[in-house]
Amino acid sequence: MPESHIRPARHDDDTELGELDRATWSPLHAVTPRPQPPYDSFFDANHRPEQFLVAEDGHAVILGYIRLAAPTPLACNRHVRQIQGLAVAERARGRGVGRALLRAACDEARRQGAVRITLRVLAHNAPARALYEAEGFVVEGILPGEFHLDGRFVDDVLMGRALTGTA
């Protein structure tokens, strides 16, 4: 597989990102029902292109995305950014695309003036948790039984890390 390149998302990525999002939907990480046609636009008023970074291969095919946003609209919280979605195409998994997107999101958060980055991950999503831990994120809280998915209660794990110094 050719090396991936990370870039900001563009409005014209909408269709390809929507297809990737639907292809990567899984009960391992999704708290919303499986998308059904007719599909909504990937971008909307609450999910704008400027909140996303995409990884693409040498042929400009999108391999993954990460969403980076402010966790709240409060001025007292503007020093924090939150990862609010990460997806990697099946064909690109295990090749460092997710890690590259995560690192790029941390760099972008720093560029935006953030000194801290957070995320939420389902407790049973061991691959994502391992990646986040390897990149310096630590568990900062657990919301027991926060979601009821596939007939069972699932914990929501809050993770975060400082953006100052090294990971």
| remark: On the accessible surface of segment 116-167, probed at 1.4 Å with all protein chains in place, carbon and sulfur together account for a percent value of 55 percent
| field | Calculated log₁₀ intensity ratio I(q)/I(0) where the Debye formula runs over C-alpha points of the chain, q = 0.12, 0.18 Å⁻¹ | value | -0.54, -1.28
| For the pair C76 and S26, what calculated FRET efficiency results from E = 1/(1 + (r/R0)^6), where r is the Cβ-Cβ distance and R0 = 25 Å, to the nearest 0.05? | 0.10
| Where does each of 74-85, 24-35 land if you order them by average Cβ count within 10 Å, highest first? | 74-85, 24-35
| Suppose R0 equals 22 Å; then what is the FRET efficiency for A60 and D14 from their Cβ-Cβ distance, rounded to the nearest 0.05? | 0.90
| What is the distance, in nm, between label points placed 7 Å from the Cα along the Cα-to-Cβ direction at R91 and at Q112? | 3.0 nm
| said: To the nearest 20 Debye, how big is the dipole of segment 37-144 about its Cα centre, given +1 on the beta carbon of each Lys and Arg and -1 on that of each Asp and Glu? | reply: 260 debye
| said: With n ≥ 4 as the cut-off for DSSP H runs, can you work out [θ] at 222 nm for the chain, using -39500 (n - 2.57) per run divided by the number of residues, rounded to the nearest 500? | reply: -6000 deg cm²/dmol
| remark: Quick note, segment 81-167: a/c under 1.5 would make it rounded; otherwise a/b > b/c is prolate and the rest oblate (a ≥ b ≥ c, C-alpha gyration tensor); here it is oblate
| request: Select from segment 90-167 those chymotrypsin sites (Phe, Trp or Tyr not before Pro) which occupy a DSSP coil region and have at most 11 other Cβ atoms within 10 Å, ordered by residue number. | output: none
| remark: For the chain, the per residue accessible area (1.4 Å probe, Å²) is 56 Å²
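The values are calculated or read from the model by the stated rules, or taken from the named source; none is laboratory data. Computed from a prediction, not measured in an experiment: that's the story for all the values here. Cβ coordinates were reconstructed from backbone atoms using ideal geometry, including for glycine residues, and neighbour counts include every protein chain displayed. For the accessible areas, the whole protein counts, side chains as well, though only heavy atoms, and no ligand, DNA or RNA atoms are used. Shrake-Rupley method; radii C 1.70, N 1.55, O 1.52, S 1.80 Å.
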